[in-house]
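Quick notes on the structure that follows.
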Amino acid sequence: MSNPSGVPADKLPRHIAVIMDGNGRWARERGLPRIEGHRRGSESVRACTAACMEAGVPYLTLYAFSKENWQRPADEVGALMLLLDRFLAERTAEIMERNIRLRAIGHLGDLPDKARRRLEDTIAKSANNTALTLTLALSYGARTEIVDAAREIAREVKAGTLDPETIDENTIASHLYTAGVPDPDLLVRTSGEMRISNFLLWQISYAEIVVTPKLWPDFAKEDLFAAMQEYARRNRRYGGI
Ligand code: IPE
Ligand code: IPE
Ligand code: MG
């Protein structure tokens, strides 16, 4: 049976990471407030999740809010936090029904208490689900993640539980927020911007990058399938020939 993505199962990425960008531009094009773009963007989250589940991609990581996004006007930040809270309130039942394991990476302590508690509840509730691991990056910054890892490693060395000579790439990887999750094979960014914006710097060192001009609220299941097809056509060489 052919895969709904149009990609043979052995050519699918195992982990897709998405920089969900362009909500503000989508709203501006329609003369709507930016937050309306964010609201519509949360519908695209459902579409992408469904696309991964139908194709059989087991890991999806979504960049929802960066450390740097706190600089935005307070009303936009407040509205985004409210959206997160509503997203969790409305979708937890669906997450459970669809057997999705929710995770989050970033400085979750920065989030408003209500949203953080809801997030932690859904994460705990869904911890044994197996169909898809959905990770939300919230108050996330890749450099901060590396700093946090360096501090933890230094603490272990100081405590005498880690020998500096044994530190290798696995030591670093296992101290990142993403410990235990395979590195993304495919990184998708919407809205045409050709940059990484401090997302998963360590983890994407060999990811294939697909940038689409589509704005995030317009991004549909077929668009993620198209990105998977593009990924399947790439020749990953990892420095070889
Ligand atoms: C992405 O859309 C959502 C977040 C960063 C929270 P933007 O809000 O960045 O949309 P543009 O880039 O201004 O169009
Ligand atoms: C990246 O988008 C962060 C998220 C998608 C959450 P931004 O819109 O914040 O990135 P820049 O400012 O264009 O680099
Ligand atoms: Mg943006």
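No value in this document is a laboratory result; all are computed from the given coordinates. Remember, it's a predicted structure, so these values are computed and weren't measured experimentally. Using ideal geometry, Cβ is built from the backbone for each residue, glycine included, and neighbour counts are taken over all protein chains shown.
Results, tabulated for the structure shown:
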read-out	value
Equivalent ellipsoid dimensions for the chain as semi-axes, Å, which come from the Cα gyration tensor, largest first	27, 24, 18
Most to least packed among 28-40, 147-159, 213-225 [average Cβ atoms within 10 Å]	213-225, 28-40, 147-159
Rounded FRET efficiency, nearest 0.05, which uses the C-beta distance separating residue 9 from residue 117 and R0 of 30 Å	0.20
Given charges at beta-carbon only (K, R positive; D, E negative), |dipole| of the chain in Debye	460
Distance (nanometres) between label positions extended 7 Å along Cα→Cβ at residue 30 and residue 131	2.7
Hits among aspartates and glutamates - C-alpha to C-alpha of residue 67 under 13 Å, sequence gap 8 or more where chains match	110, 145
When the convex hull of its Cα atoms is projected in every direction, mean area for the range 111-239 (nm²)	11.1
Stretchable slack from residue 238 to residue 46, in nm (0.36 nm times residue separation minus alpha-carbon distance)	65.9 nm
Under 19 Å from the Cα of residue 11 - lysines, other chains or at least 8 residues apart	221
15 Å Cα-Cα reach of residue 125 towards aspartates and glutamates, excluding residues that sit fewer than 8 places from it in its own chain	90, 94, 97
Kyte-Doolittle mean at least -0.5, axial Cα span of 20 Å or more - DSSP H helices of the chain	74-97, 142-159
